[in-house]
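Step one of this worksheet: look at the structure below.
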Amino acid sequence: MRAEPGAYPAAGDGTGNEGSGVIASTVVHTSDSSPAGPLIEIHNLVKRFGPFTAVDRVSFSVARGEVLGFLGPNGAGKSTTMKMATGFLTPSEGDIRVCGFDVQSRRLSAQRAIGYLPEGAPAYPEMTPRGFLRFIARIRRLSGQDADQAITSAINATELEQVLDQPIDTLSKGYRRRVGLAQAILHNPPVLIMDEPTDGLDPNQKYQVRELIGAMARHKAIVISTHILEEVDAICTRALIIDRGRIVADGTPGELLARSRYHNAVSITLDTSLAEQAALLLRAVHGVAAVEEIRRGPETIFTLFTTVQGEADTTLVDHVSRLVRERGWQVRALYREPGRLDEVFRRLTRGDRSGQQTKPGAAA
Ligand SMILES: Nc1ncnc2c1ncn2[C@@H]1O[C@H](COP(=O)(O)OP(=O)(O)OP(=O)(O)O)[C@@H](O)[C@H]1O
Ligand SMILES: [Mg+2]
């Protein structure tokens, strides 16, 4: 793997001069020293690559205690937004403030407050995790006991003990990702920006990293990107869906689920022998807008869509329960659906693309 220049802060001359490429002359010792109000504030952010607009007037803010999830199809602009937020890419337009520091004019001050896991977690392939973390600690101006403690706790949090002395180049994808995570959290920054932190991890590690993010969330403002929609519910307090550079949805997991056509739908699983009779009766239930039927051998799943949109509503499930009792049906499952994020995601990100700006050289 190639180290990506600029993906990690460069070691400098220690002057702390904002313009010199030096990352930290003092270490941000977290958390509670940061200003009140949002720790990340982004206003009308735009990034153009030639005539192509990759990020188009994106605005959001993240407060301490929030875990904001970026969702969006490949090429939506998630990584580009993160690169700008962390000061590794200059915006075409817009303002970014991290812990009150303007990321363009006070880049190094802002970067001291940020832990960043870049896409693909580039690292120096010939280094071992131990050597790499020591190197990052030096860049972050940690030394002596502080450095030892920071390295030990990052190693513990990411469970790297087994591979500490093996060249990064020879590590499996998941372990490389964990090395990237360890460097991001090493200086205990108040702001964490992580581009697909669980990408490539096995299910146990995914779970562990989600727990880690949850545990850190109380004291930090965290932004993650992910393609795993269940992560939104598992760890995010809020999510943005980004499509072709624009925010197309912004809300809590519950608010996004409420936009699903499956929100408050009632799912009932019956013996297939009952299916024909049940289909007629279920369609006639008061408040049913439509019925979807899936036959799986001996059992049939009916999904009843409600005419009531919006907030939690149990009327339909009550009506269906009554019908079940009246008919004496043996029910294999009966529940009210919270909504399906994958359906919301698909609907919002697969809109009509006619008239869309096209990227030069992109296949039509
Ligand atoms: N340096 C660059 N020059 C030209 N185009 C670029 C550059 N960097 C990114 N892009 C384009 O900007 C768009 C957004 O890319 P970005 O990497 O931000 O997407 P993403 O949402 O992170 O996607 P993924 O889910 O695949 O990681 C893409 O069309 C990409 O090709
Ligand atoms: Mg990306």
Residue among 49, 60, 70 that alone is free of Cβ contacts under 8 Å to residues at least 12 places away in the same chain, in the same structural domain as residue 157 (by TED's automatic domain parsing) and either within 16 Å of ligand 1 (Cβ to nearest atom) or more than 26 Å from residue 210 (Cα to Cα) (or both): 49
Residue count, region 80-104 (criterion: of a type in the set (Gly, Ala, Ser), in contact (Cβ under 8 Å) with a residue 60 or more places away in the chain and in a loop (DSSP other than H, G, I, E, B)): 1
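Mind checking which residues of region 177-200 are over 15 Å from residue 154 (Cβ atoms) and away from ligand 1 (no atom under 16 Å from the Cβ)? Give the derivation first.
First, pick out the residues of region 177-200 that are over 15 Å from residue 154 (Cβ atoms): 190-191, 193, 195-196, 198-200.
Hits for region 177-200 are 190, 191.
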Check on residue 344, touching a helix residue (DSSP H, G or I) at 6+ places or on another chain (Cβ under 9 Å), in contact (Cβ under 8 Å) with a residue 24 or more places away in the chain and of a type in the set (Val, Ile, Thr): yes
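One line per residue, one yes/no per condition, for (1) part of a loop (DSSP other than H, G, I, E, B); (2) assigned by TED's automatic domain parsing to the domain that holds residue 149; (3) at pLDDT 95 or above; (4) touching a Pro at 6+ places or on another chain (Cβ under 9 Å):
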{"position": "174", "(1), (2), (3), (4)": "no, yes, no, no"}
{"position": "177", "(1), (2), (3), (4)": "no, yes, no, yes"}
{"position": "180", "(1), (2), (3), (4)": "no, yes, no, yes"}
{"position": "184", "(1), (2), (3), (4)": "no, yes, yes, yes"}
{"position": "222", "(1), (2), (3), (4)": "no, yes, yes, no"}
{"position": "240", "(1), (2), (3), (4)": "no, yes, yes, no"}
Within region 310-342, considering residues that are surrounded by 14 or more Cβ atoms within 10 Å (Cβ to Cβ) and polar (S, T, N, Q), the one nearest to residue 262 (Cα to Cα): 315
Criterion (within 16 Å of ligand 2 (Cβ to nearest atom), crowded, with 18+ Cβ neighbours inside 10 Å and modelled with pLDDT of 95 or more) met by exactly one of 121, 85, 110: 85
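Take the residues in region 115-141 that are in a loop (DSSP other than H, G, I, E, B) and farther than 21 Å from residue 88 by Cβ, then tell me which one is nearest to the chain's Cα centre (by Cα).
Filtering region 115-141 down to residues in a loop (DSSP other than H, G, I, E, B) leaves 118-128, 140-141.
Checking the rest, the ones that are also farther than 21 Å from residue 88 by Cβ come to 126, 128.
Values: 126: 30, 128: 28 Å.
Looking at the filtered set, the residue picked out is 128.
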Breaking point among (1) of a type outside the set (A, V, I, L, M, F, W, C); (2) within 26 Å of residue 59 (Cβ to Cβ); (3) outside any loop (DSSP other than H, G, I, E, B), for residue 227: (3)
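The values are calculated or read from the model by the stated rules, or taken from the named source; none is laboratory data. A quick note: this is a predicted structure, and the numbers were derived from the prediction, not measured. Don't worry about glycine lacking a Cβ; one is built from the backbone with ideal geometry, like all the others, and counts go over all protein chains shown.
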